[in-house]
Amino acid sequence: MLIVQKFGGSSVANPERVRNVAGIISRAYQQGNDVVVVLSAQGDTTDDLIEKAKQINPKPSKREMDMLLACGEQESVALMAMCIEGMGFPVVSLTGWQVGVHTSSAYGLARIYSVDSTRIREELDRRRIVLVAGFQGINRYYDVTTLGRGGSDTTAVALAVALKADLCQIYTDVDGVYTADPRHVPDATKIEEITYDEMLELASLGAQVLHNRSVEMAKRYGVRMEVLSSFSGNPGTIVKEAVNTVEKTYVSGVAQDKSIARFAVVGLKDVPGIAYKLFSLLAKNKINVDIILQSIGRGNTKDISFTVSSDNKELCKQVIEEAKRTNDLQYESLDVSTDVAKVSIVGAGMVDNPGVAATMFEALFEAGINIHMISTSEIKVSVLINIEDSERAMRAVHAKFFQ
Ligand code: ADP
Ligand code: ASP
Ligand code: MG
């Protein structure tokens, strides 16, 4: 079997954990498998590197940031290779560019275009364990790029696709995908099987256990993913196209996202095309908008509120203020808040079951939590609330659906 295994930062945080992971890798190898391993940077290395950069230059270029951040993963694979060498197994560590992980040029948030499997194949043919630095690639200018926080999961799936792997195992610090983040919701339980669609929603709505792009890619190419713990040895969660539960629960999970900025454009002139003007301006600047709320006009004005990822906060503010200065957009005032969080429920079963949203709102009402905005789709309901209510909201909503 050809297996791609990925180990996250906490799984390789110190020498003892590196040895533990080396044990997992070498066991898979000894069982006769071809083993390709993707590693993240150790522990908090990526955060530490970001902090280091800030001390030198508060606004470094994205290119140089990628140059710096890619070092974390390179350190990880080299150390792991040394550990596995020490155990007497044949092993080689490779960077993203040695492997040929070709990406777009969007530094800090690059997308993988293609992976060249030649080098890895050669190494596997020599019966070596192949360690690949996650999260990094190379663009058409031969510059180093990174894939966005949590991006090593996506490296693993991309390699699994390129090598036509039989299985892609994502090892982390929890036993699998839970009905909510077990760190914040102690009653959360492990999900045995989850569909790509549900997992994609959960990951996109803030469950950082998997990078959302990794799920997107796994779905597109039908890669069977397993999320499991590098600590416990327990069976994990399988992510696949359809799941075999006898009775489908309406809701499979609850997620929160605190990296959100809420914009309120107040007193917009109430004429046709105003929403078009505002949102096409944002689209032109590649700002993704999430929840949108438009009030009924008062007099000849109306207000439009929306949320964006907090990474886009400054750019979004600049763009809207600039449009006022140039008279492209006429409004009275702009209010921006990052004291908000989004709490969501996800479940493929909710489309056929009326009342799921109402049940969620009831849980929030009982907990005395005020809802600012709501958005729904066939498989999710999201609410925007005050950031300080976020964990309490997750626990209340989770208790309502899962107890
Ligand atoms: P890694 O370093 O292995 O990539 P991450 O920190 O990216 O690990 O992801 C694992 C973390 O995701 C867990 O420690 C957990 O707190 C968090 N998490 C959030 N939502 C969920 C969920 N629904 N199920 C499991 N873990 C979750
Ligand atoms: N080291 C990177 C991060 O911390 C990538 C990853 O862990 O997947 O975001
Ligand atoms: Mg991760």
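List of remarks:
- Under DSSP loop assignment and at most 11 Cβ neighbours within 10 Å, longest chymotrypsin sites (Phe, Trp or Tyr not before Pro)-free interval of the chain: 143-403
- Simple label model, 7 Å out from Cα along Cβ direction - Lys258 to Glu241, nm: 3.9
- Space enclosed by the convex hull of the alpha-carbon atoms of the stretch 63-157, per residue, Å³: 82
- The mean sequence distance of close C-alpha pairs (under 8 Å, at least 6 residues apart), as a share of the length of the stretch 83-205, puts its relative contact order at 20 percent.
- Cross-link partners of Lys269 among aspartates and glutamates (Cα-Cα below 19 Å; sequence separation of 8 or more within a chain): Asp303, Glu321, Glu322, Asp328, Glu332, Asp335
- Within-14-Å neighbourhood charge of Gly9 [Cβ basis; K, R +1; D, E -1]: -4
- Loop trypsin sites (Lys or Arg not before Pro), the stretch 123-207 (other Cβ atoms within 10 Å of the site Cβ: 14 or fewer; DSSP): Arg126, Arg127, Arg140, Lys164, Arg183
- Within the chain: Cβ-based charge dipole about Cα centre, in debye rounded to nearest 20 (Lys, Arg +1; Asp, Glu -1): 860
- Separation in nanometres of the label points that stand 7 Å from Cα toward Cβ, at Asn14 and Ser104: 4.0
- Three-way shape label, the stretch 1-141, alpha-carbon gyration tensor, a/c 1.5: oblate
- Mean separation of Cα contacts under 8 Å (6+ apart) over length of the stretch 267-335, as relative contact order %: 39
- Partner lysines for Lys59 [C-alpha distance under 17 Å; skip if fewer than 8 residues away on the same chain]: Lys313
- Gained length - Tyr276 relative to Asp339, 0.36 nm times residue gap less alpha-carbon distance: 20.0 nm
- DSSP-assigned coil residues among trypsin sites (Lys or Arg not before Pro) in the stretch 241-325, each with at most 10 further Cβ atoms within 10 Å: Lys286
- Mean ellipticity per residue at 222 nm, deg cm²/dmol - from DSSP H runs of n ≥ 4 across the chain, formula -39500 (n - 2.57): -11000 deg cm²/dmol
- If a spin label sat at a point 7 angstrom from the Cα of Ala399 along the line to its beta carbon, the backbone N atoms of the stretch 341-375 nearer than 13 Å would be those of 363-369.
- The chain - share of DSSP beta bridges that are antiparallel (%, nearest 5): 60
- Loop exposure criterion: GluC sites (Glu not before Pro), DSSP state outside H, G, I, E and B, at most 16 other Cβ atoms within 10 Å. Applied to the chain, the longest stretch between such sites is 1-191.
- Note, ³J(HN,Hα) from phi for the stretch 75-85, Karplus 6.51, -1.76, 1.60, rounded to Hz, x at Gly and Pro: 4, 4, 5, 5, 5, 5, 4, 4, 5, 5, 4
- Here the label points at Ala283 and Ser310, each 7 Å from Cα along the C-beta direction, are separated by 2.8 nm in the simple model.
- The chain: relative contact order as a whole-number percent, Cα under 8 Å and 6+ apart: 13
- Full extension of the segment from Asp328 to Phe361, taken as 0.36 nm per residue of separation minus the current Cα-Cα distance, would add 8.1 nm.
- Residue pairs exceeding 32 angstrom between C-alpha atoms, taken from Lys164/Lys190; Lys219/Lys286; Lys190/Lys219; Lys240/Lys317; Lys62/Lys342: Lys240/Lys317.
- On a per residue basis, the convex hull of the C-alpha atoms belonging to the chain measures out at 157 Å³.
None of the figures in this text is laboratory data; all of them are computed from the coordinates on show. Note that the coordinates shown come from a computational prediction; the quantities given were computed from them, not determined experimentally. Because the Cβ atoms are built from the backbone with ideal geometry, glycine has one as well, and the counts that use them run over all protein chains shown.
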